[in-house]
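Read-outs: derived from the displayed coordinates by stated rules, not from any lab. Values in this document were obtained by computation on a predicted structure and should not be read as measured data. Here the Cβ positions follow ideal geometry from the backbone for every residue, glycine too, while neighbour counts run over all protein chains shown.
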């Protein structure tokens, strides 16, 4: 029996999503994009899941890009729809209230890099490599890379990476601010789960609003974003978790957040 192309495993409120096409270096084709979108939709509404980790199957690739064997037969309209399909998926990940961590365990190229950028932050194994090589194929990134990467590391470095098609090592990606932490491959998932476990101790409702405030604020003028932050800040004072968190601090005890 064939294994699913997207595997999920939930333990202790953390769901690990594994992209499972190792024979194709986990390349993204239409079937995989649909399967991943379905998994993300289910995870988004699952109360037992609080934090998500996305990784790739095998020890070579997170996702080595979109599936060129599928793309080579596309006409312009089909390519447009393929791009929009990928963008919708990544938009679901970006807008999901739950924290989503990319555990990059090898090549993260093209659509794979764009997928990692859609997550809240990236942990990478020491053998990971990052790049947007689309110009070497006569196209450009189509799953949000030309927009998300400049917002993360600025336009100049983004231009260099996109125009050259070169790959960055995990260490260089960390220096550039793309990757939060580089670890050995055999400890990657454990490290991602460790930071997820730390977050689980905090007010997850507040974390969800912090995620939304950061995301929406990046697309606002700063004066509007500051006002938006104040609105969210004030609104949270109507929640049980705010009252519990501050009472616990004053009483020198551990907070028991409701996370609802």
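In this calculation the C-beta distance from residue 137 to residue 223 is compared with R0 = 51 Å, giving a FRET efficiency of 0.80.
Based on the Cβ-Cβ distance of residue 59 and residue 253, what FRET efficiency does E = 1/(1 + (r/R0)^6) give at R0 = 51 Å, to the nearest 0.05? All intermediate terms of the calculation are to be shown ahead of the outcome.
Working: r = 44 Å, r/R0 = 0.86.
Step by step, r from the Cβ atoms, then E = 0.70.
For residue 212 and residue 31, the difference between the fully extended length at 0.36 nm per residue and the C-alpha to C-alpha distance is 62.2 nm. Using a basic spin-label model with each label point 7 Å from the Cα along Cα→Cβ, how many nm lie between residue 238 and residue 163? Each label point is offset 7 Å from its Cα along the Cβ direction, giving 5.0 nm. Sorted from greatest to least, the principal axis extents spanned by the alpha carbons of the chain come out as 62, 49, 35 Å. The orientation-averaged projected area of the convex hull spanned by the Cα atoms of region 204-250 comes to 3.4 nm². Ranked by the mean number of other Cβ atoms within 10 Å of their residues, highest first, the peptides 193-200, 237-244 come out as 193-200, 237-244. If I fit a long axis through the Cα atoms of helix 188-200 and take the longest principal axis of the Cα atoms of the chain, what angle between them do I get, 0 to 90°, rounded to 10? In the chain, helix 188-200 runs at an angle near 30 degrees to the longest axis.
Treating the angle as unsigned and between 0 and 90°, give the value, to the nearest 10°, between the Cα long axis of helix 76-95 and the longest Cα principal axis of the chain. Computed tilt is about 20 degrees. Taken over region 1-99, the convex hull of the Cα atoms encloses 108 Å³ per residue. If R0 is 45 Å, the Cβ-Cβ spacing of residue 7 and residue 202 corresponds to a FRET efficiency of close to 0.95. Compactness of region 125-260 is given as radius of gyration and Dmax, 19.7, 62 Å, from Cα positions. Remark: the residue 153-residue 68 segment gains 27.9 nm on full extension, using 0.36 nm per residue and subtracting the alpha carbon distance.
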